[in-house]
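Everything below concerns the one structure shown next.
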Amino acid sequence: MNTRGKGGAARALMIGDVVGDPGLEALETLLPGLIRELDADFAVVNGENAAGGFGMTEEALERIAAAGADVVTSGNHVWEKREFFPALDRDSRILRPANYPAGCAGRGWGFVEKRGIRWLVVNLQGRDLMQAVDCPFRAFDRIWEESGGGVTLVDFHAETTREKECLGYYVDGRASLIAGTHTHILTADERVLPQGTGYITDLGMTGAQGSIIGMDTKACVERARTQVLWRTPCAQGSGAVQGVAADIHRESGRAEAVFRIHRRA
């Protein structure tokens, strides 16, 4: 893991959805050490479930950033707490999916200059079995054209593996790394696509391990058994950080290798 690819590639970390206080505590415990151990140049963390399992607060954003995240991405749950909307507009560290309709608070992509690299981070949301947002494929095209590209990391917050793989192949050769979020299950299909884009279907989650996608197991089972859709509380207990590290060629922006991360607190 510590061996770089040819020419001292840049190393990016993308970390799966932070779920509640157990996720925040695991991130604070583990992410700084992971960044040092892996000599990571840049870190993206999905934080949309950080505030009690649903949504974001400014306190949660500050905790994630203090743990080492350069950019915090999100998804459909970022809209759960209206009091957070002003932060979406004023704080460049937090992104919401770019393919929500015009007029929504916040921004869906942005640049960060770090370690001699201009990092482009893009946040998109899928449509299969989710809200009828704008097309993520066309949204990426617009962002790519407007931004001019570069070392590009994409968080694709989507439900189905089919749609995630479709977007992966669609951006192959343009994005440096595309990683799925939303399902909270770390997949084992990390790879470099034919045109040089790193890919994984889902980054998993950062949260309590004795849980169902970070939530209390008894409440989740009862909800599934009865089909009564009450909100489930976060699970408690020791957490873990899940995600990927990718080595990316500094000049071409092509991925050279992708590695899964699963580290317990």
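The values are calculated or read from the model by the stated rules, or taken from the named source; none is laboratory data. Please read these numbers as outputs of a predicted model, since none were measured by experiment. Positions of Cβ are generated from backbone atoms using ideal geometry, with glycine treated the same way; all protein chains shown enter the neighbour counts.
Can you pull out the residues in region 13-54 that are polar (S, T, N, Q) and surrounded by fewer than 24 Cβ atoms within 10 Å (Cβ to Cβ)?
The answer is Thr29, and nothing else.
Select from region 72-98 the residues that are of a type in the set (S, T, N, Q), surrounded by fewer than 24 Cβ atoms within 10 Å (Cβ to Cβ) and assigned to a loop (DSSP other than H, G, I, E, B) and list them in ascending order.
Answer for region 72-98, where residues must be of a type in the set (S, T, N, Q), surrounded by fewer than 24 Cβ atoms within 10 Å (Cβ to Cβ) and assigned to a loop (DSSP other than H, G, I, E, B): just Ser92.
Between a residue in region 35-59 that is more than 27 Å from Leu177 (Cβ to Cβ) and any residue that is in a helix (DSSP H, G or I) and among the small types (Gly, Ala, Ser), which pairs come within a Cβ distance under 6 Å, given they are 6 or more apart or on different chains?
Here the result reads Gly52/Gly20; Glu58/Ala87, each pair linking region 35-59 to a residue that is in a helix (DSSP H, G or I) and among the small types (Gly, Ala, Ser).
What about Gly110, is it modelled with pLDDT of 95 or more, more than 29 Å from Arg264 (Cα to Cα) and either among the aliphatic types (A, V, I, L, M) or not in a helix (DSSP H, G or I) (or both)?
yes
Could you please find all residues in region 186-237 being in contact with an Asp or Glu (Cβ under 6 Å, 6 or more places away or on another chain) and either within 18 Å of Glu165 (Cβ to Cβ) or surrounded by fewer than 23 Cβ atoms within 10 Å (Cβ to Cβ) (or both)?
Thr187, Leu193, Gln195, Thr197, Ile200, Thr201, Thr232, Pro233
Which residue out of Ala26, Ala105, Ala66 is among the hydrophobic types (A, V, I, L, M, F, W, C) and either touching a Phe, Trp or Tyr at 6+ places or on another chain (Cβ under 9 Å) or assigned to a strand (DSSP E or B) (or both)?
Ala105
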